[in-house]
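Worksheet: one structure, shown below.
The values are calculated or read from the model by the stated rules, or taken from the named source; none is laboratory data. It should be emphasised that the depicted structure is a prediction, and the values quoted were computed from it without experimental measurement. Don't worry about glycine lacking a Cβ; one is built from the backbone with ideal geometry, like all the others, and counts go over all protein chains shown. Please note that ligands, DNA and RNA were not included when accessible areas were found on the heavy atoms of the full protein model with its side chains. Shrake-Rupley method; radii C 1.70, N 1.55, O 1.52, S 1.80 Å.
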Amino acid sequence: MMRKRWTAGETSSKRRGAAGMSVLALACIALPVTAGAAPYAYSLSGEQFIRMMSHPAQLSPVQYMDRERAYSYLDGAKDATAGIAWCPPRPRKTFELAYDAADYLKTLTPAALQGNAATLLLTYLRSQYPCKGGKP
C-alpha cells in the first residue's frame, strides 16, 4: 500500500485534518479501554448489594438501575455456580433470589458485609440449595 506524500502545494490545514483524524481514530480505540475503568467497577460488597435491593416500591431511575445492577450481579454469581456449588430444585427467578438473598445478608455482621457480595451470595445459595448425591 502506497502512502500519500504531501507536496509543497498542499495546505497545512489538510495535514492538520489528517493528523486530527489519526488522533480521533486513536481516541476511538482507547475509549473502550478507559470505559472499563469507570467509577462503578463491577464488584459489590454485601453492604452495597443490600443497599441496591432496599429501595422503596416506587423507584427513581437511579434506584431502578441500582436494582438491575444487583440482579445482574446475582445472575453472574448464580449462573457460574448453579449445579456445581448449589443445586436449585427448580429454576428460581432472579428477583425472588435477590430479595431472599438480601434478607439473608441483612443478618450478617457489618464486618462480614464488607466482603465480596459474590462470596456472600454463594454462601446463601449453598445453605438454601445444597447439592445431593455426591455433588458439593
Test: residue in the stretch 86-99 that is within 14 Å of PHE49 (Cα to Cα), open to solvent by less than 30 Å² (accessible area, probe 1.4 Å), among the aliphatic types (A, V, I, L, M) and modelled with pLDDT of 90 or more: yes
Positions within the stretch 100-128 being surrounded by 15 or more Cβ atoms within 10 Å (Cβ to Cβ) and over 20 Å from SER72 (Cβ atoms), in sequence order: LEU108, ALA112, ARG126
Those residues of the stretch 87-136 which are over 19 Å from LEU44 (Cβ atoms), out of contact with any strand residue (DSSP E or B) (no Cβ under 9 Å at 6 or more places or on another chain) and in contact (Cβ under 8 Å) with a residue 40 or more places away in the chain, in sequence order: CYS87, PRO89, LYS132, LYS135
Positions within the stretch 42-67 being in a helix (DSSP H, G or I), among the aromatic types (Phe, Trp, Tyr) and under 23 Å from PRO110 (Cα atoms), in sequence order: PHE49
